[in-house]
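The values are calculated or read from the model by the stated rules, or taken from the named source; none is laboratory data. Quick caveat, the model's predicted, so the values are computed rather than measured. With ideal geometry, Cβ positions are generated from the backbone for all residues, glycine too; neighbour counts draw on all protein chains shown. Side chains are part of the model used for accessible areas, which takes the heavy atoms of the whole protein and leaves out ligands, DNA and RNA. Shrake-Rupley method; radii C 1.70, N 1.55, O 1.52, S 1.80 Å.
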Amino acid sequence: MDNKGKIIVVTSGKGGVGKTTSSASLGAGLALAGKKTVVIDFDVGLRNLDLIMGCERKVVFDFIQAIKKECKLNQAIIHVKQISENLYMIPASQTRDKDHLSLEGVQEIMEQLVQEFDYIVCDSPAGIEKGAKMAMYFADEAVVVTNPEISSVRDSDRMLGFLDSSTRLAEVEGKRIPQHLLITRYVPERVENGDMLSLQDIDDILGIPLIGVIPESRIVLDSSNQGKPVITNQDDVAGKAYQDVIKRLLGEEIPLRFIEAEKKGFFGRLFGAR
């Protein structure tokens with residue numbers, strides 16, 4: 001495929017790790033950085049991305065209808081201009097199943113999108129089912145989302161194997177798709193207490209470059225309920241951490257933040273504050 005725009009798949013080995021939340025924030029962050037960006041919901045049958053991006057009421061047509069030519073592609077694209085003039089999304093279908101996805105249909109859509117957008121962010125279903133394979137097949141890069149707990153990391157390790165073998169880059173060009181690790185729901189105090197895997201533990205298992213660490217924050221749930229990607233909250237640690245991820249995606253080298261447990265002051269230690 002003669003790429004103009006860059007296709008990024010956001011994937012995970014298991015559900016519930018913050019993948020769609022991350023897809024929305026990555027798409028919004030790239031758009032706010034001046035990149036014309038479209039986020040595609042590949043989770044056919046569920047459809048949550050439009051809720052998190054605050055545009056569920058704008059949905060008329062969906063990704064499957066565009067693939068099956070039941071509508072024009074531009075009819076399925078929603079302009080999320082309340083977040084950025086540069087941000088767009090394509091919702092998943094709630095009424096079809098994943099069998100309606102085809103490599104030929106997805107390829108045709110992608111070939112049009114790379115001519116129009118700087119970035120195409122593919123929000124993949126969790127695991128290795130058909131929707132996930134379609135989401136990753138044409139990707140130029142992958143962001144693998146995991147939590148700092150062993151079952152999530154182990155499932156992510158399996159996902160790396162599929163990324164190595166089941167993409168167009170691997171099958172046609174024999175190349176390994178560049179992979180980035182995004183750790184979500186990180187709590188430094190729990191890591192310090194041995195209740196969560198450390199960054200070193202995760203690196204020992206997965207061994208792919210770390211693009212960001214998103215600390216646990218109640219703002220993540222609040223933002224989702226309000227239809228605002230977390231990255232738009234510039235006062236919260238999770239929002240700031242996603243902003244750092246965007247800078248790294250765009251080539252900046254900046255240190256990780258929010259990965260150390262807060263040191264307790266004298267009175268905190270005296271009164272046993274935790």
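Given a Förster distance of 25 Å, report the FRET efficiency between K130 and C71 from their Cβ-Cβ distance, rounded to the nearest 0.05.
Details: r = 22 Å, r/R0 = 0.88.
Between K130 and C71 the formula returns 0.70.
Accessible area per residue for segment 193-252 in Å², computed with a 1.4 Å probe and the full protein assembly in place, what is it?
On a per-residue basis, segment 193-252 sits at 50 Å².
Straight-line reach from K240: which aspartates and glutamates fall under 14 Å, measuring Cα to Cα and dropping same-chain residues less than 8 apart?
Within the straight-line cut-off, K240 pairs with E216.
What is the dipole size for the chain, taken about its Cα centre, with +1 at each Lys and Arg Cβ and -1 at each Asp and Glu Cβ, in debye to the nearest 20?
That gives the chain a dipole magnitude of about 500 debye.
Considering the zone a paramagnetic label at L250 would reach in this model (a point 7 Å from Cα along the Cα-to-Cβ line), which residues of segment 55-90 have amide N under 20 Å from it?
80-89
For segment 168-228, what class follows from the C-alpha gyration tensor (a ≥ b ≥ c being the square roots of its eigenvalues): rounded when a/c is under 1.5, otherwise prolate if a/b is larger than b/c, else oblate?
Because a/c hits 1.5 or more and a/b fails to exceed b/c, segment 168-228 counts as oblate.
Using only the alpha-carbon atoms, how far is helix 19-32 inclined from the longest principal axis of the chain? Give it as 0 to 90 degrees, nearest 10.
It is inclined by approximately 80 degrees.
What per residue convex hull volume, in Å³, do the alpha-carbon atoms of segment 124-217 yield?
About 88 Å³ per residue, rounded to a whole number.
Calculate the translational D of segment 1-96 in whole µm² s⁻¹ from Stokes-Einstein, where the hydrodynamic radius comes from the Kirkwood formula applied to all Cα pairs, the temperature is 10 °C and the viscosity 1.306 mPa s.
Once the numbers are plugged in, D ends up at 116 µm²/s.
Could you name the lysines in cross-link range of K247, using Cα to Cα under 17 Å and dropping any fewer than eight places away on the same chain?
Cα-Cα hits under 17 Å: K6, K35, K36.
Of all accessible surface on the chain at a 1.4 Å probe, what whole percent is carbon and sulfur? Intermediate values should be presented prior to the final figure.
Values: 6010 of 12820 Å².
C and S atoms contribute 47 percent here.
Using only Cα atoms, locate the centre of segment 57-90 and the centre of segment 158-207, then give the distance between them in Å, rounded to an integer.
Cα centres, segment 57-90 to segment 158-207: 31 Å.
Semi-axes of segment 6-250's equivalent ellipsoid from the Cα gyration tensor, sqrt of 5 times each eigenvalue, largest first, rounded to whole Å? Walk me through the intermediate numbers first.
Details: eigenvalues 146, 91, 48 Å².
The equivalent ellipsoid of segment 6-250 has semi-axes of 27, 21, 15 Å.
As I understand it, the dipole of segment 1-152 uses +1 on the Cβ of Lys and Arg and -1 on the Cβ of Asp and Glu, about the Cα centre. Which of H100, V114, C55 lies farthest toward its positive end?
Of the candidates, C55 comes out farthest on the positive side.
For helix 150-165, report the angle its Cα long axis makes with the longest principal axis of the Cα atoms of the chain; keep it between 0 and 90° and round to the nearest 10°.
Computed tilt is about 40 degrees.
Pop a pseudo-label 7 angstrom from the Cα along the beta-carbon direction at both E85 and R257 and give the gap in nm to one decimal.
Between E85 and R257, the label points sit 2.7 nm apart.
Any idea what log10 I(q)/I(0) is at q = 0.16, 0.20, 0.23 Å⁻¹ for segment 42-132, Debye with uniform C-alpha scatterers and no solvent?
-0.61, -1.00, -1.34
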